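Here is the structure we will look at.
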């Protein structure tokens, strides 16, 4: 590698670290609200209501992912092509909003009409369907605010208003639903109160998004062209399919499980899914900065070096989280309530699936830029396999079966990605360092397991074991990565 390429590598690593730090700090507020919400809803509303929430949110967010119609990925490019004219920018924005509005309102109306057939066994609130246009149109509007090189409004809406608003509204809904003071005044079930809080939080986030967009772009001043709206839809349709497929990977399993196994199973699984989301987000710390680096790079060798470094780093962090949950999963899940205590094995399987997916997920980026037709195909195949496996295993084994189905589907997706990246670029991301890291994790996990076993899970032993595991694994894995000149 030439001195110029080495200096570019150093600059790229600095940009990757800076981007990861910004994303980590930006998501901190949102993560705190999510954890608090999970704890409160799981403990106070119970496993059945929590399961119904998971099923409802999965359906609404999956529908909204399609209704956004890929504009959350393509709108900034459309605005960039529109130039600096405020009139052209405004017309481009409202054309995109019109497209999203037509699709999302149509899907929301269809869900409203068939809602009783989706949930025939219980009275899930029909007004949840309002969430589809609220999510889709606010996502498009918030994407438009980033055209002016600011993520502040996007962060405020998604990291503060939506999660914290839902938490406060869930608290208020529980109080109204269970307090004797409201008997005869307001009658609302727990599930109705919870879903109402969810929809209202979406409304508040959407309201902020539209206020900001109007201040930035102004109100529309001429009629929207139907022809241009249809042309925009044709351009963004392939992206809409791919984005919906990616979103479906972690939503379709919840929906299918709720159908074949009922709310108790989906409640346990949904809790595991929410906790596993923390691990899933690991790779997204690097993806926003790695994407432009790969897009701009002319050196396949440099791309391969970045992928090798980052995939190993993601593997190291996620393996540590998986090992920790293996030791303390029972305590973690039981803390959310008696109905969730059986979910420790489900959580371990989900984290194992996220480990497999997260380790190789970044290898898809060069394929997206150089061979864009392949990622949608791999996602579609995986979603079909996941749907079949979750339906079969979930029917017989409940939440555990759904986790097994998801794990196998992620194994298939990871295999496809590895085959494609080797076929197109000759990259092989695995090396002996993976075995060294796995050995460190296995040693500390085994020692921790024996310590807890012989101490009869005494609280002092649990605390000491947790501190020793986190500290020991972090120090040794960091030393191993640094000895290989990898990020640590």
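The table below lists the values:
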{"item": "For segment 347-481: span of alpha carbons on each principal axis (Å, largest first)", "result": "54, 42, 18"}
{"item": "Modelled FRET efficiency - R0 22 Å, residue 475 with residue 330, Cβ distances, 0.05 increments", "result": "0.25"}
{"item": "Computed helical MRE - 222 nm, the chain, DSSP H runs ≥ 4 contributing -39500 (n - 2.57), nearest 500", "result": "-27500 deg cm²/dmol"}
{"item": "Rg(Cα)/(2.2 N^0.38 Å) for segment 46-248, N = residue count", "result": "1.11"}
{"item": "Extension gain from residue 237 to residue 150, taking 0.36 nm per residue of separation minus the Cα-Cα distance", "result": "28.7 nm"}
{"item": "Burial ranking of peptide ranges 101-109, 45-53 (average Cβ count within 10 Å, highest at the top)", "result": "45-53, 101-109"}
{"item": "Dimensions in Å of the chain - Rg and Dmax from alpha carbons", "result": "23.4, 78"}
{"item": "Tensor-based shape of segment 358-436 (alpha-carbon gyration tensor, a/c under 1.5 rounded, otherwise prolate or oblate)", "result": "oblate"}
{"item": "Least to most buried among 91, 395, 306 (fewest other Cβ within 10 Å first)", "result": "395, 91, 306"}
{"item": "Reciprocal mean inverse distance between Cα atoms of segment 128-232 - Kirkwood radius, Å", "result": "15.7"}
{"item": "Exposure proxy order (Cβ contacts within 10 Å, fewest to most) of 378, 266, 86", "result": "86, 378, 266"}
{"item": "Rg ratio (alpha-carbon, reference 2.2 N^0.38 Å) - segment 435-488", "result": "1.28"}
{"item": "Likely footprinting exposure, 330, 357, 253, fewest C-beta neighbours within 10 Å first", "result": "330, 357, 253"}
{"item": "Added length on full extension, which subtracts the Cα-Cα distance from 0.36 nm per residue, residue 423 to residue 461", "result": "8.8 nm"}
{"item": "Cα centroid separation, segment 177-222 to segment 65-94 (Å)", "result": "26"}
{"item": "Cα coordinate range in segment 301-373, projected on the principal axes (Å, largest first)", "result": "51, 25, 13"}
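Values quoted throughout were computed directly from the atomic coordinates according to the rules given, and no laboratory measurement underlies them. Please read these numbers as outputs of a predicted model, since none were measured by experiment. In this analysis, Cβ positions are derived from the backbone assuming ideal geometry, glycine residues included, and neighbour counts consider all displayed protein chains.
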